[in-house]
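Read the structure below first, then the notes.
The values are calculated or read from the model by the stated rules, or taken from the named source; none is laboratory data. Small disclaimer: the values here were computed from a predicted structure and weren't measured. Please note: Cβ atoms are built from the backbone with ideal geometry, for glycine as well, and neighbour counts cover all protein chains shown.
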Amino acid sequence: MPDKTHWDRIYSSQLADRVGWYQAKPDLSLRMIIGNGLVIHSRVIDVGCGASRLLGCLLDLGYTHLTGLDFSSQALHIAQVQLGERAGQVTWIEGDITQVELPVDGFGIWHDRAVFHFFTKLEDRQKYAATLRQALAPGGAAILATFAPDGPERCSGLDVRCYDAAGLLAELGPGFVLEEELGETHITPGGGRQAYTFARFRKTD
């Protein structure tokens, strides 16, 4: 995973709706969060929130405890500007998910679209999984969306790893069960096609 200057440069040089992972509405993420069965007062963290519209959509639905985390200060600024006055209803964290300290059992829903597949080093993946296990409450849901096995091998000038749900479960380690797996073909702003795996896991311990 490159340092934050890489991501700050991307968000400084491109419009938020032109980055490859942009979605006007994150339908599949919303489906997995809503289908999770937890009440709207559950604490939700969007890891690598970037300039995603997910947090705004969750506010529209009445979710009241939202956290957005990103490596890039530029991305967080864009996300806050998009939300306007409602930005104050979200807790914002600027930091590296492999190093940041999050509250123990602090979240009922962990959402990550297009972050985990950038961790090509085993050590970074282990740190990510350890942070997730600590921060997600027992019974909570971890929703991960990565490039699928037939997805791209590189993104934003970086190597990535591709997964199916079984591969993601192996990375998370014991204490999780797979509840749902879906595929999505994402159409980038430039018209490219990218295969994604969406998987929802339940923390059992």
From the options 96, 17, 3, 70, residue that is acidic (Asp, Glu), at pLDDT below 95 and touching a Cys at 6+ places or on another chain (Cβ under 9 Å): 70
Residue in the stretch 52-65 that is farthest from the chain's Cα centre (by Cα), counting only those that are surrounded by fewer than 24 Cβ atoms within 10 Å (Cβ to Cβ) and aliphatic (A, V, I, L, M): 61
Residue 144 touching a Leu at 6+ places or on another chain (Cβ under 7 Å), closer than 16 Å to residue 29 by Cα, surrounded by fewer than 19 Cβ atoms within 10 Å (Cβ to Cβ) and of a type outside the set (D, E, K, R): no
Scope the stretch 166-194; condition modelled with pLDDT of 95 or more, aliphatic (A, V, I, L, M) and assigned to a strand (DSSP E or B); matching residues: 177, 178, 182
Residue in the stretch 109-123 that is farthest from residue 204 (Cα to Cα), counting only those that are in contact with a helix residue (DSSP H, G or I) (Cβ under 7 Å, 6 or more places away or on another chain) and among the hydrophobic types (A, V, I, L, M, F, W, C): 119
Wholly within the stretch 59-136, strands (runs of 3 or more DSSP E) carrying at least 2 residues that are without any contact (Cβ under 8 Å) to a residue 40 or more places away in the chain and among the β-branched types (Val, Ile, Thr): 90-94
Filter result for residue 163 (in contact (Cβ under 8 Å) with a residue 12 or more places away in the chain, in a loop (DSSP other than H, G, I, E, B) and crowded, with 21+ Cβ neighbours inside 10 Å): yes
